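J.: Have a look at this one before I ask anything.
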Amino acid sequence: MGEHASNAMTEIALALSMAFFAILLLALLAMGSGKAAMVMQVASGESSPEVAENVSPENLVVFQDGQFLDAQLVLVDPARLAHMPKIVLAVPENLPAVEMLAARQRIPARDVRVTVLDARWRAALEEKKP
């Protein structure tokens, strides 16, 4: 009878360790899923047009040629954007993902969404160039 009791305890210990391991894996996946989803969206070139269409001008920041511009295409210091609750960072569609992520990191605001510049913004930026 003693032998069966030790087998039962071993089975319970094994089941508990497997459950703990499964919970650990789920927690690790959940912590990293946000960054992976953002990188995959950037890498695939997908953008969300509804984000670009519903942006108020004071929340829009354009990143072009290493510079940050506001909706009037005036230079903006990214450190001054920390107080804003939500920022939409518009980048050129051919900007490498590494540069886009670096630009996003330079903005100290908590909620920064990234979208691709549409044709109207690209035309406005071309007109502004000397």
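The values are calculated or read from the model by the stated rules, or taken from the named source; none is laboratory data. Just so it is clear, the structure is predicted and the values come from calculations on it, not from any experiment.
J.: Out of everything in segment 103-130 that is β-branched (Val, Ile, Thr) and in a strand (DSSP E or B), what residue ends up being farthest from the chain's Cα centre (by Cα)?
T.: This residue is Val116.
J.: Restricting the search to segment 94-123, which residues are modelled with pLDDT of 85 or more and of a type in the set (D, E, K, R)?
T.: Glu99, Arg104, Arg106, Arg113
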